[in-house]
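Comments concern the structure below.
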Amino acid sequence: MAPRSRRNRALQIAAVAIPLVVLAVVGFAHRWIFDDGYIYMRVIRQVRVGHGPVFNTGQRVEAFTSPLWVGILAVADLVTPISLDWLSVLVGIACSVLGAAFAMRGAAKVARRVAPNAFLLPVGVLAFAALVPVWYFESAGLETGMTFAWLGLCCWVLASWATTPNGKLSVAGAAVLGLGWLVRPELIVDSAVFLVIVMLVQWRDWNWRQRITTVAAMVALPAAYEIFRMGYFGSLVANTAIAKEGSRPRVGAGWSYLLDFAVPYWLWLPVALLILGVYAPLALQLRKAGESRSVWFLVAFGLAAFANAGSVVSFGGDYLHGRLLLPALFAFVAPVALVPATKRYAASLVVLVWAAVCAIALRPPEMTKVLHFRGGIAYAFPTGCCGRVTLSSVGWGPGSPKRAKFKTPAAYVSDTTKGFGTTYLQLNETPAPNLRLPTVASGGIGVLSYAFGPRLSVLDLNGLADPIASHLALARRGYPGHEKLLPAPWVAALLTADGTHPHAADFPIKASLSTPDDPNLSFDAQVGLARTALRCKEIAGLEDSTRGSLGVGKFLSNIVHSFNRTSLRIPSNPRLAVEKFCPAVATAAPRAASISATTLGLVDPPFVLGTTTRDRGDVLIGERAAGRTRACVPSPRQSTAAARGPPTKTRTRT
């Protein structure tokens with residue numbers, strides 16, 4: 001090899017390696033774990049001890065967003081000696097670097113079709129690596145880094161398909177393209193775009209067997225998991241999607257979220273330059289060279305990027321600056337991760353200048369403020385968290401004062417008026433029958449639940465890990481991602497036994513405008529109504545789907561009822577919940593504290609379905625065939641709990 005050729009090859013290798021090194025260095029320098037990252041680790045710990053992919057022992061709730069991330073971390077935790085917290089950080093950073101490498105490999109395959117000897121500049125990947133949010137969310141314990149790895153791998157797979165003469169998409173390649181639904185819910189649009197493009201290009205060349213094989217390969221794994229989800233969790237989507245109302249449009253908030261991400265970095269500039277200065281000339285050059293598949297490759301990722309961003313905007317985005325829009329940006333830059341250094345693409349040099357300015361000087365306002373308001377919504381950014389990975393680094397290590405909490409087997413309630421995770425009140429009322437103790441009602445459940453492990457059960461006030469809170473109906477839209485807050489009367493009904501009369505002062509949960517209780521009723525009356533509502537057929541059935549042993553019959557029953565239960569919404573006002581789900585009870589005594597079906601004469605033995613899911617001992621009576629009345633009756637266990645009577649109550653703060 002001539003000296004010049006060796007030098008050019010060395011420079012090309014350096015040009016490709018530099019952005020990978022940059023991503024690794026900035027990702028590790030900004031390593032941290034977000035509270036939701038600890039939720040993943042809590043689930044993985046439950047898997048390790050044999051409880052399954054659950055958050056609380058004995059309760060099948062899908063409290064995680066990415067099944068694939070759970071699977072990857074669970075396997076890595078099994079085969080490596082690295083602690084789970086460090087593992088989640090390192091795997092996230094490694095996936096980010098791999099994603100960029102895959103994207104450059106795919107982009108190089110396409111670029112070489114029209115510029116076989118040109119030097120390739122890492123324009124797209126450096127534009128991506130220059131953004132501060134990328135540095136933070138490579139790790140965070142979340143699935144974001146894995147999202148980059150999947151999109152980069154898709155870029156490589158589609159580029160290989162596009163640049164191979166008469167090449168066919170392999171079954172393995174099709175399976176990779178179809179994983180979007182398992183990576184993050186909104187990435188199903190990326191998989192759909194990839195499928196449509198492949199089928200559109202290959203339709204005439206394939207027979208029906210090849211078409212069906214490709215489609216089956218793409219949907220097999222997501223479909224298999226979806227059946228598992230419906231039968232195991234009793235839902236069509238993750239509980240987190242229900243809690244965040246991900247299917248409800250909220251374009252105004254989503255547009256504010258997009259602007260909050262785009263404006264601080266002048267993102268319109270690199271996007272416009274890449275479209276006009278790289279996408280367009282590259283597509284024209286590929287078309288002239290007869291590389292129609294490669295043109296469709298560019299179209300696929302361009303459409304996937306904008307469709308992904310559009311889906312995020314449609315459901316209102318998030319409260320963390322830029323996080324959910326990073327996959328869309330990665331998909332946009334992936335096919336132009338490497339760009340030929342020729343006059344035709346001279347505009348790309350301006351992108352490199354922007355990238356340098358962005359990395360050095362452009363910062364979001366959230367980095368200088370606790371919260372930044374745009375469109376009436378406060379957005380946050382994880383400043384001051386770099387290097388905080390282990391439990392000890394966040395104040396939850398062994399021997400820390402925070403770990404001294406919850407030693408007494410009792411129920412605890414977080415005083416949310418003072419912020420989550422600061423003050424907890426120990427309840428001394430008789431707990432609900434078979435309530436696992438200790439149990440704490442709290443928001444911000446990640447690090448708390450991971451630190452104490454499976455022995456501590458958590459009633460998630462925000463609903464990510466609780467089926468009742470997640471299914472609350474919104475009275476109005478609230479803070480993106482955290483709109484729902486389980487009202488205090490419901491918390492009291494879930495934690496205490498029938499026959500007790502808990503006081504409002506023991507449940508200092510800040511009221512939410514999105515999920516309010518009834519301001520016209522006493523706390524005790526609302527607790528009674530909440531207990532009654534929890535015994536209504538639909539609500540009790542929702543709980544029952546997540547509790548108890550899971551045999552074949554219950555698995556199939558969960559599949560059948562998962563459609564209705566996914567769409568089920570419970571009024572946060574206990575009185576309205578009773579009126580909606582137990583109309584006969586509400587009509588007989590609309591303001592009663594608690595109501596017995598025996599008293600109302602609504603007992604109908606042929607429709608008895610069993611005990612409620614929180615094992616309060618309430619026997620559920622089904623709908624009457626004619627009048628469609630709903631009711632519930634106390635079981636012997638409930639009567640036993642009531643017979644204990646309310647004990648002398650004191651409050652303990654921890």
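Points worth noting:
- Counting only protein chain heavy atoms and rolling a 1.4 Å probe, the accessible areas of 51, 501, 372, 321 rank, largest first, as 501, 51, 372, 321.
- Between the C-alpha center of region 433-492 and that of region 253-268 there is a gap of 31 Å.
- Annotation: peptides 229-238, 7-16, ranked by per-residue average of other Cβ atoms within 10 Å with the highest first, follow the order 229-238, 7-16.
- Furthest towards positive pole of dipole, 497, 423, 469, structure part region 394-530, Cβ charges: 423
- Gap separating the Cα centres of region 61-104 and region 171-189, nearest whole Å: 17
- Rounded percent of accessible protein surface that carbon and sulfur make up, region 102-195, 1.4 Å probe: 67
- Beta bridge orientation in the chain: antiparallel %, DSSP, nearest 5: 60
- For q = 0.11, 0.13, 0.24, 0.25 Å⁻¹, Debye-computed log10 I/I(0) when each Cα of region 493-565 counts as one equal scatterer: -0.41, -0.55, -1.11, -1.16
- Dipole magnitude of the chain about its Cα centre (Cβ charges: Lys, Arg +1; Asp, Glu -1), debye to nearest 20: 1200
- Each peptide among 254-265, 120-131, 570-581, 514-525 gets the average number of other Cβ atoms lying within 10 Å of its residues, and from highest to lowest they stand as 120-131, 570-581, 254-265, 514-525.
- Taking a ≥ b ≥ c as the square roots of the eigenvalues of the Cα gyration tensor, region 41-193 is prolate, since a/c reaches 1.5 or more and a/b is larger than b/c.
- Region 396-548 shape via C-alpha gyration tensor axes, a/c threshold 1.5: rounded
- Residues of region 266-417: accessible area per residue with a 1.4 Å probe, Å²: 41
- At the residue level, residue 225 shows approximately 40 square angstrom of accessible surface with a 1.4 angstrom probe and all protein chains present.
- Sorted peptide list for 211-217, 330-336, criterion being average Cβ within 10 angstrom, highest first: 330-336, 211-217
- Each Cα pair under 8 Å and six or more residues apart adds its separation to the average, and for the chain the resulting relative contact order is 16 percent.
- Cα long-axis angle, helix 144-163 against the chain (0 to 90 degrees, to the nearest 10): 40
- The chain: radius of gyration and largest Cα-Cα distance (Dmax), Å: 27.3, 97
- Whether region 217-363 is rounded, prolate or oblate, judged on the alpha carbon gyration tensor where a/c under 1.5 counts as rounded: oblate
- In this structure, residue 393 and residue 549 have a Cβ-Cβ separation that, at R0 = 60 Å, corresponds to a calculated FRET efficiency of about 0.90.
- With protein chains left intact and a 1.4 Å probe, residues in region 221-260 average 39 Å² of accessible area per residue.
- Helix-only [θ]222 nm of the chain, DSSP H runs n ≥ 4, -39500 (n - 2.57) each, per residue, nearest 500: -15000 deg cm²/dmol
- Karplus 3J(HN,Hα) series, Hz, for region 539-554 with 6.51 cos²θ - 1.76 cosθ + 1.60 (x for Gly, Pro): 5, 5, x, 4, 5, 4, 5, 9, 10, x, 5, 10, x, 4, x, 5
- About its Cα centre, the dipole of region 43-122 is roughly 400 debye, where the only charges are +1 on Lys and Arg Cβ and -1 on Asp and Glu Cβ.
- Between the Cα long axis of helix 348-360 and the first principal axis of the chain there is an angle of about 50°, rounded to the nearest 10.
- Whole-percent carbon and sulfur share, accessible surface of region 323-451, 1.4 Å: 61
- Along principal axes, Cα extents of region 345-439, largest first, whole Å: 73, 35, 25
The values are calculated or read from the model by the stated rules, or taken from the named source; none is laboratory data. If you're wondering where the values come from, they're calculated on a predicted model, not measured in any experiment. Positions of Cβ are generated from backbone atoms using ideal geometry, with glycine treated the same way; all protein chains shown enter the neighbour counts. Side chains included, ligands, DNA and RNA excluded: accessible areas come from the protein's heavy atoms. Shrake-Rupley method; radii C 1.70, N 1.55, O 1.52, S 1.80 Å.
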